[in-house]
Amino acid sequence: MTALEARAAATTVPSEETGGVLSRPYRALSIGIVSVVLVIAFEATAVGTAMPVAARELGGVALYAFAFSGYFTTSLFGMVLAGQWSDRDGPLGSLASGIGAFAAGLLLSGTAGGMWVFILGRAVQGLGGGLVIVALYVVVGRAYPQRLRPAIMAAFAAAWVVPSVVGPLAAGAITEHLGWRWVFIGIPALVGVPLALALPQIRRRASGQAGAGGRAPLDRRRIRLAFAIALGAGLFQYAAQDPRPLSLVPAAAGAALLVSAVRGLLPRGTWRAARGLPSVVLLRGVAAGAFVSAESFVPLMLVTQRGLSPTLAGLSLAAGGGTWALGSWVQARPRVEPYRDRLMFLGMLLVAAAVAAAPSVLIPAVPVWTVAVAWAFGCFGMGLVIASTSVLLLQLSAPEEAGSNSAALQISDALSNVLLLAVGGAAFAALGGGAVARTATATASAAHSSHPAAFAVVFLPMAGVALLGAWVTTRLRER
């Protein structure tokens, strides 16, 4: 070997240390796990379009909300179980079982002959979804070096862009021409390719126990708390959907279960925004809950207050998928890493501004496209914040704690969604939301005469919650 060759050999860096998420060592794994997210995203956007038709044909419109709450409650349990399972044995078993349950639930719902069987299928699907999402975070923490984690999180966000636009349109066409069942039955056929690509790579790169020592048993206390938080969330959501004096009983029982379970499942100090990991987990819930709760009412507001068709109201949010992915891409740039906290502060300010600006269209003189512009900026802010919380969580977690901490992050996200949606929905109903909903098919002039205050009481408090999130971003790093 010549001196020049020796020098070149000494300075050559292995491709795993220099390549990106699509370099040869990571290509199959990256494509596989992003494809899993793509399938989940397509299901989330497509199934919602077919759900009303399914409930009507199955004679279960009165049980419509349980098709959503059933998914949510079992997914909370699945998240905690996945965290325990992944820390104990690695993420492979949780991911494979979760995808299997996800597909089985879709098939059960798609072939259901009655509404309760349909709801059971949604519950099985939710369990699978909870197992999958936490396992994916553990895969990222184990299989990718720290420098590549922002990029793979950005890829997860980008995987939602196409489904958010194509999913509702494709599901609507399939429902209209083939029937709603084919929306549920067809999605499981898409999981084969992600499994074939991802599972062998996960087995090689991320399997087995992360920590030193023997194989630890499952924490049965956490499993009991997981059951309690799922049951408590279901009771609380049920009470919010049925605002009668008798509903105070399940609401109180649900709140008691939630308080005791959350204290044991989230990092100590989460609710007082203790510095470091607790504030990261809290920020995820604050950001997701404020944004999703507000976004849920945007199409209804545009239909009932400004007379838009449901299609146009939905399209007003379409640009948000692209700007969300753009925000995730920005936070993944290596040069912005030293400024991550400031980017997250900016992101929460953008979210607060977007949520506060949305109800301005309640004033007839304000153009309806104001919502589309505001929501595009809000989604950009969410892209900065959501991907960054995932990156920070993995940075602050020991390998043997990545599963439990990832589960805590997802629990904070999902639980905040249901609590803020329940509170916002109750306030909406108290100020005439029922009358607003009944005007959904009315003419524009009739819609203008309904109850704009019912919308304002949802959006403005959520903007305040987002501003609280901006303060939480100042506590993400320990002094």
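The values are calculated or read from the model by the stated rules, or taken from the named source; none is laboratory data. If you're wondering where the values come from, they're calculated on a predicted model, not measured in any experiment. We place every Cβ from the backbone using ideal geometry, glycine too, and count neighbours over all the protein chains shown. In case anyone asks, the SASA skips ligands and DNA or RNA and just uses the protein heavy atoms, side chains included. Shrake-Rupley method; radii C 1.70, N 1.55, O 1.52, S 1.80 Å.
Considering only residues in the range 46-62 that are open to solvent by less than 40 Å² (accessible area, probe 1.4 Å) and in a helix (DSSP H, G or I), the one that is modelled with the highest pLDDT turns out to be 54.
Going by the structure shown, is residue 408 modelled with pLDDT of 85 or more and more than 22 Å from residue 349 (Cα to Cα)? Criteria met by residue 408.
Annotation note: of 269, 264, the sole residue that is farther than 29 Å from residue 359 by Cβ, open to solvent by less than 20 Å² (accessible area, probe 1.4 Å) and modelled with pLDDT under 85 is 264. If you filter the range 1-21 down to residues that are in a loop (DSSP other than H, G, I, E, B) and surrounded by fewer than 16 Cβ atoms within 10 Å (Cβ to Cβ), you find that the one that is modelled with the lowest pLDDT is 12. In the condition set (1) modelled with pLDDT under 80; (2) over 21 Å from the mean Cα position of the chain (by Cα); (3) hydroxyl-bearing (Ser, Thr, Tyr), residue 26 is compliant with all but (1).
Contact map, the range 252-273: residues that are within 17 Å of residue 469 (Cβ to Cβ) and of a type outside the set (Lys, Arg) paired with residues that are outside any loop (DSSP other than H, G, I, E, B) and open to solvent by 40 Å² or more (accessible area, probe 1.4 Å), Cβ distance under 7 Å, separation 6+ or inter-chain. Pairs shown: 273/475.
Residues in the range 319-333 that are open to solvent by 30 Å² or more (accessible area, probe 1.4 Å) and modelled with pLDDT under 85: 319, 322.
For the range 401-419, enumerate the residues that are open to solvent by less than 20 Å² (accessible area, probe 1.4 Å) and hydrophobic (A, V, I, L, M, F, W, C). Within the range 401-419, 402, 407, 408, 409, 411, 414, 415, 418 meet the criteria. Here the range 167-208 is the region considered, the condition is being modelled with pLDDT of 80 or more and not in a helix (DSSP H, G or I), and the residue that is surrounded by the most Cβ atoms within 10 Å (Cβ to Cβ) is 180. On the stretch given as the range 127-179, residues that are of a type in the set (S, T, N, Q) and within 15 Å of the chain's Cα centre (by Cα) total 1. Within the range 347-368, the residues that satisfy the criterion of being among the hydrophobic types (A, V, I, L, M, F, W, C) and open to solvent by 80 Å² or more (accessible area, probe 1.4 Å) are 363, 365. In the condition set (1) at pLDDT below 95; (2) within 17 Å of the chain's Cα centre (by Cα), residue 351 is compliant with all but (1). You will find that of 370, 323, the residue that is among the polar types (S, T, N, Q) and in contact (Cβ under 8 Å) with a residue 24 or more places away in the chain is 323 and no other.
The rows are residues; the columns are (1) basic (Lys, Arg); (2) within 18 Å of residue 228 (Cα to Cα); (3) assigned to a helix (DSSP H, G or I).
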site	(1), (2), (3)
249	no, yes, yes
255	no, yes, yes
259	no, yes, yes
264	no, yes, yes
274	no, no, no
278	no, no, yes
281	no, no, yes
284	yes, no, yes
288	no, no, yes
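In the range 369-400, which residues are open to solvent by 50 Å² or more (accessible area, probe 1.4 Å) and either of a type in the set (A, V, I, L, M) or in a loop (DSSP other than H, G, I, E, B) (or both)? Answer for the range 369-400, where residues must be open to solvent by 50 Å² or more (accessible area, probe 1.4 Å) and either of a type in the set (A, V, I, L, M) or in a loop (DSSP other than H, G, I, E, B) (or both): 373, 396. Are any of the residues in the range 71-92 touching a residue at least 12 places away in the same chain (Cβ under 8 Å), surrounded by 22 or more Cβ atoms within 10 Å (Cβ to Cβ) and not in a helix (DSSP H, G or I)? Checked the range 71-92: at least one residue is touching a residue at least 12 places away in the same chain (Cβ under 8 Å), surrounded by 22 or more Cβ atoms within 10 Å (Cβ to Cβ) and not in a helix (DSSP H, G or I). Does the range 159-166 contain at least one residue that is more than 18 Å from residue 30 (Cα to Cα), in a helix (DSSP H, G or I) and at pLDDT 85 or above? For the range 159-166, residues more than 18 Å from residue 30 (Cα to Cα), in a helix (DSSP H, G or I) and at pLDDT 85 or above: absent.
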